[in-house]
1. Is it the case, given these coordinates, that Tyr637 is hydroxyl-bearing (Ser, Thr, Tyr) and in a helix (DSSP H, G or I)?
2. In the stretch 427-463, which residues are under 22 Å from Leu486 (Cβ atoms) and open to solvent by 40 Å² or more (accessible area, probe 1.4 Å)?
3. Looking for whichever is in a helix (DSSP H, G or I) and either modelled with pLDDT of 95 or more or at positive phi (or both) here; the options are Lys630, Lys566, Lys588. Which one fits?
4. Hey, among the residues in the stretch 61-97 that are of a type in the set (Ser, Thr, Tyr) and under 60 Å from the mean Cα position of the chain (by Cα), which one's modelled with the highest pLDDT?
5. Which of the following residues is over 13 Å from Thr568 (Cβ atoms) and in contact with a Ser or Thr (Cβ under 9 Å, 6 or more places away or on another chain): Arg627, Arg590?
6. Tell me which residues, restricted to the stretch 296-352, are farther than 25 Å from Ser175 by Cα and either under 18 Å from the mean Cα position of the chain (by Cα) or not in a helix (DSSP H, G or I) (or both).
7. Out of the residues in the stretch 630-663 meeting the condition of being under 21 Å from Gln558 (Cβ atoms) and of a type in the set (A, V, I, L, M), tell me which one is surrounded by the most Cβ atoms within 10 Å (Cβ to Cβ).
8. Confirm whether Lys163 is basic (Lys, Arg), surrounded by 17 or more Cβ atoms within 10 Å (Cβ to Cβ) and on the phi < 0 side of the Ramachandran plot.
Amino acid sequence: MIPTEEVSVRMREIEYKLKQEELTLSFIKDSLEKSDQLTKNMVAILSSFESRLMKLENSIIPVYKQTENLQRLQENVEKTLSCLDHVISYYHVAKDTEKIIKEGPTGRLEEYLNCMDKIQKAVEYFQDNNPDSPELNRVKSLFERGKESLESEFRSLMTRHTKPVPPILILDLISGDDDMEPQEEVFLEHLPEGVLHDIIRISGWLVENGRNQDFMTVYFQIRSVQLDRSIKGLKDHFRKNSSSTGVPYSPAIQNKRKDTPTKKPVKRPGHEHDLRVKHLSDALSDKHGPAAGRDDVFDIEIDAYIHCVSAFVKLAQSEYQLLTDIVPEHHQKKTFDSLIQESLDNLIMEGDNIVSAARKAIIRHDYSAVLTIFPILKHLKQMKPEFDQVLQGTAAGTKNKLPGLITSMETTGAKALEEFADNIKNDPDKEYNMPKDGTVHELTSNAILFLQQLLDFQETAGAMLASQETSSSASSYSSEFSRRLLSTYICKVLGNLQLNLLSKSKVYEDPALSAIFLHNNYNYILKSLEKSELIQLVAVTQKTAERSYRELIEQQIQTYQRSWLKVTDYILERNLPVFQPGVKLKDKERQMIKERFKGFNDGLEELCKIQKAWAIPDMEQRDKIRRAQKTIVKETYGAFLNRYGNVPFTKNPEKYIKYQVDQVGEMIEKLFDTSA
């Protein structure tokens, strides 16, 4: 059993807890009622705020829309005012720019072009929007006047600042390609930098805005005159200086290069052979009249022409570079074609005149004229690739001018070569022009000199000959084919020369002199062939030529030696009777010995007297012939003298035994020497 007190305590505890819970519930209930009241108050406030916002929105939106419309109206007004200002400005363009347009663009090009741009825009505006406006005619007139002023300024700038290139500078430009030493590049400034800038600006504006091509005609006309004057100035400079100092040169590069004390003379293809060409020209011209002065002038003209050809190429290249900055691309080739026509035509015409002069000289049988064609033709063919490059894009007629001149020169040169070969064969000079001493004939030396010139222009001469060939091999032209043609031609000339020499040798009544004449000429030909490359060129088609000439020379020596048989026959042992030692000679036998001594003496004296005046220019051959003849005669005479010198065939032996063996040798040693 639970005690009563304990139960009572527990009951009081339970009652206390229940009271606490009732208090808590009451507090919660009060709190919930307050919270509910607060919520109701907040909802009322929010509802009121929402109502007010709706009223505010309904008031603001119309104001906002009205403001936006007002801003749009303001922008439209501003745009309208701007357009009106822009339109009104077109009506002021003429007034604002007229003074500048009238004064012209000189010294104020950029400002002038800006004015022209404004005028052009005004013209376009009135044409599009008010074509009937009188203001259109005014700005149109002003625009045309301004365009004419720009064209006039273009012409004025070109005329005032376009000057011929100085000859010294052209020579430096030409020599730059040939000089193997490094040097500064030669630069041509055709126009001052500022002037060039203005010209480019004007031309660009005229093309883009003026739609005018007249300035291109002005450009090529002015530059064409300048190009022609530059080349003519070089030619005049060349003539003035060449007459006194040889080939002219420029000191310009020399002054720039401290390590070079003097400037080398300007070279041209073939110039190193000028002295030999001049020698041959004089030799070939002797028979046609005095050549003094004429050949010197002609050589200068040829050299000047070759330099002018090179100058044309260099200057034309430079002109094209200048033109590309000024003339629109699609007009450049045509303008350049027109620009170079006058200078090119003058060069071609001068070349045609040289060909014409050569043809006339060939008719006169003055074959030295062909030598003028060789260096020119060689140079033209060397320059042809550069010519073709420079003339690329020009008209066909322009491109074909140089090939036409080359063909004309090749045809004329080939005709001269063939006629020269025929003339060598049929040269009429015989009696009155034959050397009395049997030395080398003028025809031989001239022919060899002529052939030697072909060595300097082998490819050129071969092309001349090939141009006349119609065979299939000629159509497939090659350097080897050309070399064979040239070899054949040289062999033909040498063959014709040999036939002519044989014919000329018959003029001599003395066979021995005839033999000496042929010997001298054959030997001269052989030596000349050996000293030059002619022998190698001949060997291309005639491999035995050298041996053949040696055989011919030996044959003539043997023919000459036979002239001494009439001397040695007197004293040959086989023609003498046999005498018995100790037996007294009969009168007939003594007389025979006397006749033999006398015949030998007379023959020796006669031959020595005659042959002393003959000539053998080649010392080696002269000594060889003397030595051989001396050996033969001395041996024969020595044997004869040993046998009969002590035979009592006469009371006056000194009358018949006039010479000792050594004296005979000394007499023969004086052959072919008029000074002995």
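The values are calculated or read from the model by the stated rules, or taken from the named source; none is laboratory data. Given the structure is predicted, the values throughout are model-derived calculations rather than measurements. Ideal geometry is used to build each Cβ from the backbone, glycine not excepted, and the neighbour counts take in all protein chains shown. We work out accessible area using only protein heavy atoms, side chains counted, and drop any ligands, DNA or RNA first. Shrake-Rupley method; radii C 1.70, N 1.55, O 1.52, S 1.80 Å.
1. In short, yes.
2. Result: Gln458, Glu459.
3. Numbers: Lys566 fails: either modelled with pLDDT of 95 or more or at positive phi (or both); Lys588 fails: either modelled with pLDDT of 95 or more or at positive phi (or both).
Testing whether each residue is in a helix (DSSP H, G or I) and either modelled with pLDDT of 95 or more or at positive phi (or both) leaves just Lys630.
4. Thr97
5. Within the list Arg627, Arg590, the selection yields Arg590.
6. Result: Val327, Pro328.
7. Among those that are under 21 Å from Gln558 (Cβ atoms) and of a type in the set (A, V, I, L, M), it is Val633.
8. Working: basic (Lys, Arg): yes; surrounded by 17 or more Cβ atoms within 10 Å (Cβ to Cβ): no; on the phi < 0 side of the Ramachandran plot: yes.
It is false that Lys163 is basic (Lys, Arg), surrounded by 17 or more Cβ atoms within 10 Å (Cβ to Cβ) and on the phi < 0 side of the Ramachandran plot.
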